[in-house]
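Working notes for the structure below.
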Amino acid sequence: MLLSKKLIGFLYNHALTTILFLIISSTLTISGLFIYASLTPYYLYTLSIAVFIILTGLILSLNKTIKITVSTPIWMTIIWCLYITLHGLLISGNLNLFHNYLILNCVFLVGLSLLIQITNYRFTLICRVISFIAFIESSICIGQYLGCISNFNNDFKVTGTWENPNVTAMFIAMSVPALFCLIFHPKALYKKLGICCLIIVVVALVLLQCRTALIGSIVSVFILLNNRYSIIHRIKNSSNRSGSILLISFCLALIIPLAISFYGAKKASADGRKLIWKLSIEMIKDKPITGYGYGLFGKNYNLFQSQYFKSGNGSYSELQNAGFVHMGYNEFLQNGVEGGVLGLVIIGALFLILLSVPISQKQALLNIPNKTRSSNVIYDLENNLTITYAGIAAFAVMSLFNFSLQAIPAMCLFVIYAAILSTNPNYQKNKFKAINLVTKPVLKWSIIIALILIGLKMGLADFRSAYTGILIKKAEQQAGNNNAIKAINILKTLETKPYLFESYYITYADILFKQKNYSDAIAMYNKSKVYTSDPEIYIKTAFCYEKTLQYQNAESNYLIAKYIEPNRIAARFALMQLYLKNKDMANAISTAQEIVSIKPKFPSNKAFYYKQQAYIQLKRMGITFHSHQLNINSESPFTSN
């Protein structure tokens, strides 16, 4: 009987580890199935965790001895899940892809915490899986730098398996704590493997050049080393005063220049985020109760920024650093914008509760019965709290500077760490008693049915959405092959589906645009604006309005695009031509002067052409500008023309 229990435990542990391996791997898989490459890992991840949630319900139904403890983080996760659901249905009127993503992550966290408890999961197994995947991902980054492996984005030399290097970097940063599970292992072989992996990971982080990931990694490493070697306690100890001062001075001598270097390396990016945070706070003040809706930050922020500049606000520096953005680069502020103050409070409370658990394991170790006090159990317990705590702390810090919740691989590791941490015995101080579900069959079957229904509903919704996305991609390919009729026929079969998003309307509108069917193109572009405020859409819409002689609407759309991306010249050039066409010479002159004076963020042949044409127009109208005022970067090859 004892052997059978051990065998069942072994099978449970390794089956769960295999499932988690597949789920984590799915977040790092990119393909060309969809118009946006990031949709592949999104659908693979959401569909895989939907299946996991259903399996969790089925496992619970087969288990005859279920005793669980619902800790504070789990309660807060359930509250967050309910709030997102109700907010979507009551405020937004429906659940979009981002709602589904957040809800599935919440239920995944709750379901995983239940399975960990009923299977007595060995924490070190998942650490080995995370370490292995991080090693492979980091090796790909190094291979890209050496030119051995092709890149996924021509704008960056190193990206990993994602197009955006920040996503890969944040995932690797979240894997650093798991590596220390190997480094802290009593066996020399595991220590050596952990150190080798850590070296590869650090090299990859440097190559990816993501400051957020580096900061997150430093935070997690400090927490782990401080817990193991009592660094802060040693510094505070008066007998180590001189050595402590020397150590602090040495650290500051390294950190201060490094911080200055981080800021200077991407100064425009850092200054741009200051503006995003400033306007995000204004947006929270604008809609503190309801927010703007989950998944709609990018659409509403860019319009808010456009209005901000159009009203005459904004310094020269803000104008220089402003641009079209998709995220708030601070998850707490973005949650405040999307979900209102209450949404901000709930997610803030979740992180505070997760990080409020005492790191000391003494009490937890005392609670282990003698008959189960094996070396593996003690090793797991000694490491699972500090390592998961360090991972969550790294994620929380990265959330202050980047889009960590939307970086799917990083979010996946956060959920796994949070699920493990929430089952730690140290949370028993919260006085939530264990619930014996065998004696409470109504509660047991309510949980089982809820898990299965949520998994089925969300899984089917994302499956249908994924199928729609594949067809939209096929339509785009047909249009690219000059088969506009086939493309339109594919799109027409989807027009009554409830799972349409901006790529459907944009693809349809672009086909109509190429066919010079400007009236219908306007209708489709305007429908896409429910989901996006991409300035390119506003420029195309304005052009269609011009062609249909609706000049006032054309000007309005050009102006929105102009202020969304103040340093982009295309919208200003189109405006100048519109003013010249309508003989509005005052506005034509002022716009031409702006074009000549503006310094483009990214010099290009097209930017130089626009500036040159504006210069010629001003010259024709007798307004003198020196050629050096074309303001092209001196390092640019275009200045020699």
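The values are calculated or read from the model by the stated rules, or taken from the named source; none is laboratory data. In this text the structure is predicted, and so the values were computed from the model without any measurement. So basically every Cβ, Gly included, is an ideal-geometry build from the backbone, and we count neighbours across all protein chains shown.
Here are a few things to note about the model shown:
- So residue 17, is it farther than 22 Å from residue 117 by Cβ, of a type in the set (Ser, Thr, Tyr) and assigned to a helix (DSSP H, G or I): no
- Cβ-Cβ under 8 Å pairs, at least 6 apart or on other chains, the stretch 20-37 side of a type in the set (Ser, Thr, Tyr), far side crowded, with 19+ Cβ neighbours inside 10 Å and in a loop (DSSP other than H, G, I, E, B): 29/161
- Tally of residues being modelled with pLDDT under 85, buried (at least 16 other Cβ atoms within 10 Å of the Cβ) and among the small types (Gly, Ala, Ser) across the stretch 604-635: 1
- Selection from the stretch 144-166 of residues that are surrounded by fewer than 16 Cβ atoms within 10 Å (Cβ to Cβ) and on the phi < 0 side of the Ramachandran plot: 146, 148, 150, 153, 154, 155, 157
- Verdict on residue 460 being aliphatic (A, V, I, L, M), exposed (fewer than 14 other Cβ atoms within 10 Å of the Cβ) and out of contact with any Gly (no Cβ under 6 Å at 6 or more places or on another chain): yes
- Residues of the stretch 112-131 classified as over 22 Å from the mean Cα position of the chain (by Cα), not in a loop (DSSP other than H, G, I, E, B) and not hydrophobic (A, V, I, L, M, F, W, C), total: 5
- For residue 90, the conditions (1) over 24 Å from the mean Cα position of the chain (by Cα); (2) within 27 Å of residue 441 (Cα to Cα); (3) without any contact (Cβ under 8 Å) to a residue 60 or more places away in the chain all hold with the exception of (2).
- Residue within the stretch 97-110 that is over 17 Å from the mean Cα position of the chain (by Cα), surrounded by fewer than 21 Cβ atoms within 10 Å (Cβ to Cβ) and within 21 Å of residue 418 (Cβ to Cβ) present: no
- All positions within the stretch 164-182 that are modelled with pLDDT of 90 or more and either more than 15 Å from residue 30 (Cβ to Cβ) or of a type in the set (D, E, K, R) (or both): 169, 170, 172, 173, 174, 175, 176, 177, 178, 179, 180
- As for the stretch 60-70, it holds no residue that is part of a helix (DSSP H, G or I), modelled with pLDDT of 95 or more and surrounded by 21 or more Cβ atoms within 10 Å (Cβ to Cβ).
- Test result for residue 331, crowded, with 19+ Cβ neighbours inside 10 Å and either touching a residue at least 60 places away in the same chain (Cβ under 8 Å) or not hydroxyl-bearing (Ser, Thr, Tyr) (or both): yes
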